[in-house]
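Heads up, the thing below is written out as structure tokens.
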Amino acid sequence: MTDMSTVPWLTILGVIPLVGAFVVAFLPGSAENAKRVAVATSILTLVVGIVAATRFDTSSAAQFQLGEQKSWIPQLGVSYALGVDGIALVLILMSLVLTPICMLAAWHDVSESESGAQRVKTYFALLLVLETFMVGVFAATDVFLFYVFFEAMLIPVYFLIGNYGGPRRQYAAMKFLLFGLTGGLIMLVAVIALYLQGPGGADGFMMDKLTGLQFDPTTGRLLFVGFFLAFAIKAPMVPFHTWLPDAATESTPATATLLVGVLDKVGTFGMIRFCLQLFPEASAWATPVVIVLAVLAVLYGALLAIGQTDMMRLIAYTSVSHFGFIVLGIFAFTNIGGAGASLYMLNHGFSTAALFLFAGMFIYRRGSKRIPDYGGWQKVTPVLAGVFLAAGMSTLALPGLSNFVSEFLVLVGAFPTQPAAAVIGASGIIFAALYILLMYKRMATGPRPEGLSGVRDLSVREKVVAAPLVAFFLIIGFFPNLALDVINPAVDTSLSHVQSTVAVTPALAEGSTK
Amino acid sequence: MSTGMGTLVHQGTYAAGLAAQDGEAHAATGFTAYAWLLIALPAFGALFLLVGGRRTNSFGPVLATLLSWGSFVIGAIITISMMGRAAGDRPKSVHLFDWITGGSFDVQAGLLIDQLSICFVLLITFVGSLIHVYSLGYMQDDPDKRRFFAYLNLFVAAMLLLVLADSYLLLYVGWEGVGLASYLLIGFWYHNPVFATAGNKSFFANRVGDFGMTVAIILMFFYFGGVDFRTVQAGVAGLQGAHQGVMTAIALTLLLGATAKSAQLPLQSWLGDAMAGPTPVSALIHAATMVTAGVYLVVRAGPIFEASPTAQLVVVIVGSATLIFGAIIGCAKDDIKKALAASTISQIGYMMLAAGLGPIGYAFAIFHLLTHGFFKAGLFLGAGSVMHGMKDQVDMRRFGGLWVMMKVTWVTFGLAYLSIIGFPLLSGFWSKDKIIEAAFVGEGWRPWVFGLAALIGAGITAFYMSRLFFMTFHGKRRWTDEVHPHESGLTMTVPMVVLAFGSAFLGLILGPTGIITSWLAPFTGGVQELHPVIPESAVIALTLILVAIGIALAWMMYLRDEVPQAAPRGNLLTQAARVDLYQDHVNEALLMRPGIHLTRSLVFADNEGVDGAVGGLAAFVGGTSSRMRKIQNGFVRSYALTFLTGIVAIIGALWVIS
């Protein structure tokens, strides 16, 4: 793997925002400059990320590309090893795109006049630190290094929620941290135990060293449970989801976006990367329970979303529902379902970003997260209402928009092995229409509200935030292969272990006639 | 575009004897290869007007109208070139791009231009363009005119995609696209909360249908290995007989989608409320085109339905029941648009009935769909013209005697009215009569039940349409004080005149000449003689007698006798019909109220129960750490302590494992 002549793209991707974070935090002068530096840093990172992506070869047989490996703590078998498959690459690019968008959206989240320039700088610096960890967690090919990033992510998010959030931010941040730590600790036990089951040695935590191990069933299942619980809390799956609505509603919209849109993906990413690849037998063993929980999440999350009056909580619950779809796609063990789930991770990142950030633009204008405080806003801010509806349409998986492709692939892919789950899950599309359109109706329609004459529609900065998100829905809706061509080979590899361990037989008698 | 054009031309033959399409669709050449422009022009218009914003206010509406006419011209040229080819060589395919490749799921985006889809292309672009023109007048003073035309263009693009798609999945994109346009246009005057709710209602009902569509397409892929028309058709032929249950499941889930889009029982309830949209929208989307998409779907998926007699029977039952249902409601409505909406539900019931009869009915379903597109659009535009002159009032009890003031509207509306009730030689006569005859074909109890339903429906249609016509244009003037009825301007009356011509003559041109049946012969297995259980002449005579009785009753009640300005109480049936035969009450009791209770209790349970109970583990850790926090007064230390707990746990785990 180690080749001195290759550029360590992934390390560079991680280092740029980290350096930027220090600069932003300690830059003297006004906060405006610091914000500009922060956005410039994240855009630079994105450009480098795109260049790195062009080095990625979709026809390569290797599981990981852009690989780097250095010995880190050889005594404990820990390496500093990075590399990406198609799924990781897509998720990293998603993070790199969303970070500058979130920063632009967060421009007025923290008022300089009220709380001082340093507080603003720290906010943007924390976002950049978070970007570093997001790259790291998706790029780590050493299991211990992955764990380190997995836990480290908690720290900037804890401060982002706890210092910059709403009135109950302390409670929400603590709740977030405790759920995260609980999951992390369980995983840590499993990580170490997994190492002891492996060949050991100075690079004993490397993915390739730990793939294909033969466990006795009980050990394998215990290890699986350790990893899975951590991911299920992170994703989050019902019934471990209760931290999410609190965290989302007490966060700033930008934090909520990165938290739900990106960080939670580590959970589902971890399932396909670690659970399925390292513990194929145990994954198959757990499938019935996981599938039930996934379908439950689809419906439960949607029904709860319908009943919310706080728009941030509502969006958080829609994510619970969507994570149910993703998990369903992963544990269907079919290549179609896996591709759908992976694409869903990408699409959900964008649709959730759009919902949270546009909701944030409403909140900034009206000063309330409560849906009943709105009404008639299509007259007040027609463009904002329009893009909000577009985000909603993608969220409810309108055919022609991005989320439809992934949701449909998940259902089509789940049907051969989990027919009942696929059909019940499909009913989620009805509830999705309810939670989106009822919210939109309460907020945007009705007579023009009084006393809002000073409220302006989207500024140029906000249009720059909205345009790429809305464009994404249409582009991936009609040209999803832009992402799927990268994702497909990685799905094949990730699923190959579970598919060869357990003969994946269709649950129905008749298979495809192909 | 041309590079990938060849990929859709599959080699190989299907099993013989398939009802639809006996020829293969070859890759389009010449002008037909540009069929994607049909969709691209209005799609561009929609995008340009929406993104361009206020800057396009001045020229946007006219641009949108021109783009719609552009689509019509392209469609006409393609039709002419199709007519120049032999029947077997008419279907052409246009490959657009590789759409979705996920694992073994591989769908191409492509268009299929055949005899069936081109009928729709002409209907959509012609009536659609006329209604664009009409709207230039109708929406003249609306401040959001640009947005209206953007949505209209969006609708035309999506509807064309629906009928031109060569796979069920791409059809589904158009299917939802028209639903979105419909939703946006029903709620166009969203400042009225009732209208916004009507938009939501239509979307929700259609989502229930979409659930059916989704499951149907999933089943298709699972059993046939593909979702394009060609693969599905070949797959049906391959599995036929052995898998009745599968065919029934696919057909019925498709039908669920069709009932939502076409406002058929049991998902019909949204269409009446959809009349909240501006009247041109009611004419185009909720009468002439979109709501007939369900009929298109059943005909297009004909091979699947034919493989399942059970499903076909269900289609026929749905059609017959809906045609009576809609007709009864139509008799009691005083709102002119809602009466017409009920009529649309009923007329689509006729088409659905014909489509469910299989190959003998397909051509007549489509025939009636085309003539209905003209006369119903004409009726709605006429109603819009009346509303325009009557300060947007819709209560027919406050109309009356308008024929003097609005001569053009009266004549054009009158032709469309005579056409829909099946007045001899007018368009509706030819198409509806054929459906009634076809309904009388068969053995056992079915022809009697379905034939009689169609027959009685014709009589009720004559009654409620005459009632509507008399109450609006004849009898005493019952106007409110402030109205001064007047004829509408040319942009509105010219489209009405054109549609009136279609209402009068389209049937005569297409029906008795055999043009429609021979054009659609690939779908019907050739023109067939109908052999109803009672002679054809008797069917026609009976129909005309019932129609005459319907007119006479309406004349007695609404022309001879004075129409009261306030609706009388009426008998039980009238009262029931007035509230749409309790459709909303049923939905509310069965779905809405339980749903509200469910979500409310779930929200309560999630906040109190799940958060509390499942947080048990976290609460344990949390309790510990927050107590520690109190003592140690610092987050980092509490982290360290939790970490310590973890290390203890690890040592414990290692000990257990080793």
For this session: At a Cα cut-off below 30 Å, give the lysines reachable from B:Lys201, other chains included and same-chain residues fewer than 8 away excluded.
Result: A:Lys369, A:Lys379, A:Lys441, B:Lys145, B:Lys261, B:Lys333, B:Lys337, B:Lys338, B:Lys376, B:Lys391
Seminar exercise, completed: The set of residues whose placed amide H lies less than 5 Å from the amide H of B:Phe97, leaving out same-chain residues fewer than 5 positions away, is B:Ala109
Problem set entry | Least to most buried among A:Val37, B:Val586, B:Val298 (fewest other Cβ within 10 Å first) | B:Val586, A:Val37, B:Val298
For this session: Per residue of the stretch A:85-98, in order, report the coupling 6.51 cos²θ - 1.76 cosθ + 1.60 (Karplus, θ = phi - 60°) as ³J(HN,Hα) in whole Hz, putting x for Gly and Pro.
Result: 9, x, 5, 4, 4, 4, 5, 5, 4, 4, 4, 5, 6, 6
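Considering only DSSP states other than H, G, I, E and B, which trypsin sites (Lys or Arg not before Pro) in the stretch A:123-193 qualify as loop sites with at most 15 other Cβ atoms within 10 Å? Display every interim value, and only then the final one.
On the way: sites: A:Arg168, A:Arg169, A:Lys175; in loops: A:Arg168.
Qualifying residues, ordered by number: A:Arg168.
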Seminar exercise, completed: Env charge @ B:Met139, Cβ radius under 14 Å, K,R +1 / D,E -1, value -1
Exercise. In debye, nearest 20: dipole of chain A around its Cα centre with unit charges on the Cβ of K, R (+) and D, E (-)?
Worked result: 1340
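Between B:Arg397 and B:Arg578, 0.36 nm times their residue separation minus their Cα-Cα distance comes to what? Write out the running numbers ahead of the final one.
Values: separation 181, 0.36 × 181 = 65.16 nm, distance 1.42 nm.
My answer for the length gained is 63.7 nm.
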For this session: Divide, for the stretch B:454-584, the radius of gyration over alpha carbons by 2.2 N^0.38 Å, where N is the residue count.
Result: 1.44
For this session: With everything on Cα atoms, drop me the angle between helix A:481-501 and the longest principal axis of chain A, reported from 0 to 90° to the nearest 10.
Result: 40
Exercise. If we count every other residue with Cβ under 13 angstrom of B:Ala541's Cβ, Lys/Arg +1 and Asp/Glu -1, where does the sum land?
Worked result: -3
Seminar exercise, completed: Listed with the fewest Cβ neighbours within 10 Å leading, B:Trp445, B:Trp69, B:Trp430 appear as B:Trp445, B:Trp69, B:Trp430
Seminar exercise, completed: Straight-line reach check, A:Lys121, cutoff 16 Å on alpha carbons, 8 or more apart in-chain or any other chain, hits among lysines -> A:Lys35
Problem set entry | Inter-part distance where the stretch B:490-555 and the stretch A:173-228 are each reduced to a Cα centre, Å | 73
Exercise. So how do B:Cys331, A:Cys275 line up by other beta-carbon neighbours within 10 Å, fewest first?
Worked result: B:Cys331, A:Cys275
Seminar exercise, completed: For the stretch B:475-492, in residue order, the Karplus 3J(HN,Hα) values (coefficients 6.51, -1.76, 1.60; θ = phi - 60°; whole Hz; Gly and Pro = x) are x, 6, 6, 10, 5, 6, 4, 7, 8, 10, x, 8, 6, 7, x, 5, 4, 8
Problem set entry | Two-decimal ratio, chain B, of alpha-carbon radius of gyration to 2.2 N^0.38 Å | 1.09
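Whats the longest run of chain B with zero GluC sites (Glu not before Pro) that are DSSP loop and have at most 12 other Cβ atoms within 10 Å? Intermediate results must be reported in sequence, preceding the final value.
On the way: sites that count: B:Glu443, B:Glu482, B:Glu529, B:Glu562.
Counting at most 12 other Cβ atoms within 10 Å as exposed, the longest clean stretch of chain B is B:1-442.
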Problem set entry | Candidate lysines for bridging to B:Lys92, where Cα separation is under 26 Å - those fewer than 8 sequence places away on the same chain excluded | A:Lys514
Seminar exercise, completed: Surrounding charge for B:Val563, neighbours by C-beta under 13 angstrom, Lys/Arg +1, Asp/Glu -1, total +3
Problem set entry | Helix axis angle, B:593-605 relative to chain B longest principal axis, alpha carbon, degrees | 10
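Test of understanding: what is the full-extension gain from B:Val494 to B:Met556, defined as 0.36 nm times their sequence separation minus their Cα-Cα distance?
Numbers: separation 62, 0.36 × 62 = 22.32 nm, distance 3.34 nm.
That works out to 19.0 nm of additional length.
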Exercise. Of chain A, which part is the longest with no GluC sites (Glu not before Pro) in a loop (DSSP not H, G, I, E, B) and with at most 16 other C-beta atoms within 10 angstrom?
Worked result: A:1-449
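Every number here is computed from the coordinates shown, using simple stated rules; none is lab data. Computed from a predicted model, the values in this text were never measured in an experiment. Glycine also receives a Cβ, built like all others from the backbone with ideal geometry; neighbour counts cover every protein chain displayed.
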